[in-house]
Structures are given as structure tokens and as C-alpha cells.
Amino acid sequence: MPRPLIDLTGQVFGRWRVINLHKRQGKGRPALWNCECECGNKRIVAGTNLRSGISASCGCLRDEKARTLMLARNGKGARSPHWKGGRILDSRGYARVWNPTHSRADKRGGYVYEHLLVMEEALGRPVNISETVHHVNGHKADNRLENLELWNKSHPPGQRTEDKIAWAKDTLLIYIGVEGVLKWIENYDQDKVGSPPQKSNYISSCS
Ligand SMILES: [Zn+2]
């Protein structure tokens, strides 16, 4: 009878998180586990290597250690002639930039999505958590500003009129500011607004 298998599902070893069992090999050979690294890379790792700490990441940890060592040695960081720009492509195809002091940097690696940085630079403010940066042409590493759009996922909490008005006010203030609102009112043209919408224009989800 085979030895009972210790289930590692959900456990964390270094940067690895165990997703589930890949294959039980038997006959003294270690079970293989599907794992996901903090950086997003997925690999199959032997349970023995996880538990002993031989494998602590997909390789990104080793890369970072080498980089940190290099930085410590020459003490010049980004100004070093050996600096490779600190830009990586993650397993999902997004470009990330080494920027450990950024509030959205991943905790261990210190990398931030490049599209966030480009958008923040253009906005002159942080991208907030209700916002996403969309890649127009679908290429996740094409972070030219003209390929990026700022989307906002926020919406009123329900259908209550006062909630919608409060949300609309907040949205206006975030995206056009007080000056923009004043300009809008200044240019407001009652004639262009037309007749009030008819009741039949509304689709009601409540019957
Ligand atoms: Zn990794």
C-alpha cells in the first residue's frame, strides 16, 4: 500500500504557492506539485524540493538576489553601467519595472506594472484602485501612452437616486475637477438639452 501523501495544496514555500497535486510518482520518487510563483510563473515542482527549500522560486528570486548583490557591490544602482533597466516581462506578458519604493510595488520583488507608471506620469497622480489601465491594441507590454486608456470600474452602489447623484459628483470631481464643472456649467446650453426623456426610453429591470 502506498504511503499516505501529505497534501501541500495551498501551502507556501518561499515564493511558491502550491496549487494542487500534479502527479504522484510512487516508488520512492517525490510527488510533483503544480505551483505558482509570486511573480506569476507556473511550474511543476517536486515536493521534496519545496520542503527542503532547494526550490524557493521560479528563478526570479535568484535573479533578484544577484541584482541586489551587484547593486551592493558597485553601490550605484540604476546609474551602474551593468544596470539592465530593471524591466522584465512577467509570465502573463506584462512589462514590470523595478521600483521598490512605489506603493504598488510587489512586496518582495519591488516590481510595478509599467503601464501604471506610464499612466501615472501622464495623469500627474497615482492610478487609484477603482481604475484600470487598458491596452488598446491588446499588446500587454506595449506601454506607449497612445496605446493606454484609463478605465474606471466604479459605479453607484445601487439604483437609489441620491447614491447615483453622489457618485456622479465624485466622478466629475476626480476627472474634471471643480474648474471643469464650472466650465461645463458656463457652457451649458439649455436649448441643446431638448425635451425631457420620455418614460418609454427607460428600460426597467423591476417589473
Ligand atoms: Zn518567480
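Coordinate-derived values only; no laboratory data. The structure presented is a predicted model; accordingly, all values stated were derived computationally and were not measured. Every residue, glycine as well, gets a Cβ built from its backbone with ideal geometry; the counts of neighbours run over all protein chains shown.
Which aspartates and glutamates have a Cα lying under 20 Å from the Cα of LYS183, excluding residues fewer than 8 positions away in the same chain?
Partners within reach: ASP170, ASP191.
Show the residues, 5+ positions off or on another chain, whose built amide H is closer than 5 Å to the amide H of SER91.
ASN41
Can you give the three extents of the C-alpha atoms in segment 12-52 along their principal axes, from longest to shortest, in whole Å?
33, 18, 11
May I ask you to list the chymotrypsin sites (Phe, Trp or Tyr not before Pro) in segment 92-198 that are in a DSSP loop and have at most 15 other Cβ atoms within 10 Å of their Cβ?
Working: sites: TYR94, TRP98, TYR111, TYR113, TRP151, TRP167, TYR175, TRP184, TYR188; in loops: TYR94, TYR188.
In loop regions of segment 92-198 (DSSP not H, G, I, E or B), the sparsely surrounded chymotrypsin sites (Phe, Trp or Tyr not before Pro) are TYR188.
Check THR132: other-chain or 5+ apart residues with amide H under 5 Å from its amide H, H built from backbone geometry?
Excluding prolines and chain starts, which carry no amide H, the hits are TRP151, ASN152, LYS153.
Go through LYS140/LYS169; LYS42/LYS65; LYS23/LYS107 and tell me which ones have a Cα-Cα distance over 27 Å in this structure. Spell out each step's value before the answer.
Values: LYS140/LYS169 32 Å; LYS42/LYS65 20 Å; LYS23/LYS107 31 Å.
From the list (LYS140/LYS169; LYS42/LYS65; LYS23/LYS107), the Cα-Cα distance tops 27 Å for LYS140/LYS169; LYS23/LYS107.
Amide H to amide H, which residues 5 or more places from TYR111 or on other chains are under 5 Å from it, using H placed in the peptide plane?
Close amide H contacts, sequence-distant or interchain: ASN99, ASP106.
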